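These notes are about the structure you will find just below.
The values are calculated or read from the model by the stated rules, or taken from the named source; none is laboratory data. Here the structure is a predicted model, which means the values were calculated and not measured. Note that each Cβ is placed from the backbone with ideal geometry, even for glycine, and that neighbours are counted across all protein chains shown. Accessible surface areas use protein heavy atoms only, side chains included; no ligands, DNA or RNA. Shrake-Rupley method; radii C 1.70, N 1.55, O 1.52, S 1.80 Å.
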Amino acid sequence: MDTYPFTCKKHQSLLRRKLGNSDPQLQENKITNLKLAASKIDGIIINPGEVFSFWELVGKTTKRKGYIEGMQLSMGEVKTGVGGGICQLANLLYWMVLHTPLEVTERHHHSFDPFPDEGRVLPFGSGASVFYNYIDLRFRNPTNQSFQIRIWVTSNHLKGTISTNKEWRFSYHIQERNHRFLKISGKNFRENEIWRKVVDKRTGNHIDESLLIKNFSEVKYL
């Protein structure tokens, strides 16, 4: 499969990292689920005006399709379920999209922080939660050129790129600001802000700066 020549963003995330006292086998199962889901998205092209929907492409994660039990975060609890773990794919997609002109039209995040930051490389709260079929990740292409998503799984990483068919003039830089932990009525919480700067690649000038996300989540591990 040919890949578009101009890369907007590439990223990778570790397949295995310590997540509290969770069963390591669930991470191995997650890898199976990620490979299946990634195959439904890899190579997709988003033309001008088109909308990407995570669930429209991946579909319901069933045993019949080969999905197995993995970790899920639901209603403030860590659980297991068929297809669990593919939020990692949604996280990767969302982070890459933030570095492109694609416009996010639907994005959700967990209302709690279940695990410490061991191995975390992205700012807290910069991921995306998906749950079939009512919590989706959707974004549209408002430009006059096409963008392509490539996703693949290696022995240690989930990897992805978003590329375009013509060079894009701007680059996008994500910053975390005002991060803190706090205690309210005996419960621990965490908050931060995710900001984005737009830079003209030809001149180096900052074109725009905006607040993308304001996170406030209960912390489960303190």
Hey, could you check segment 38-68 for residues that are assigned to a loop (DSSP other than H, G, I, E, B) and acidic (Asp, Glu) and say which is nearest to Cys87 (Cα to Cα)?
-> Asp42
Given the structure, is Leu19 at pLDDT below 95, outside any helix (DSSP H, G or I) and under 15 Å from the mean Cα position of the chain (by Cα)?
-> no
Can you find even one residue in segment 91-101 that is open to solvent by 60 Å² or more (accessible area, probe 1.4 Å) and assigned to a loop (DSSP other than H, G, I, E, B)?
-> no
Out of all the residues in segment 14-27, is one or more of a type outside the set (A, V, I, L, M, F, W, C), surrounded by 15 or more Cβ atoms within 10 Å (Cβ to Cβ) and in contact with a strand residue (DSSP E or B) (Cβ under 6 Å, 6 or more places away or on another chain)?
-> no
Taking segment 105-115 as the search range and keeping residues that are surrounded by fewer than 18 Cβ atoms within 10 Å (Cβ to Cβ) and modelled with pLDDT of 95 or more, which one is farthest from Trp55 (Cα to Cα)?
-> Thr105
Considering each residue of segment 137-180, count those that are out of contact with any Phe, Trp or Tyr (no Cβ under 7 Å at 6 or more places or on another chain), hydrophobic (A, V, I, L, M, F, W, C) and either over 21 Å from Asn91 (Cα atoms) or at pLDDT below 95 (or both), and give that number.
-> 1
Within segment 56-90, residues surrounded by 15 or more Cβ atoms within 10 Å (Cβ to Cβ) and closer than 19 Å to Ile162 by Cβ come out as Val58, Ile86, Cys87, Gln88, Leu89, Ala90
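Just need a number here: residues in segment 37-46 that are closer than 15 Å to Gln145 by Cβ and open to solvent by 60 Å² or more (accessible area, probe 1.4 Å).
The number of residues fulfilling the criteria is 1.
Would you confirm whether any residue within segment 185-192 is within 21 Å of the chain's Cα centre (by Cα), in contact (Cβ under 8 Å) with a residue 24 or more places away in the chain and under 26 Å from Arg16 (Cβ atoms)?
yes
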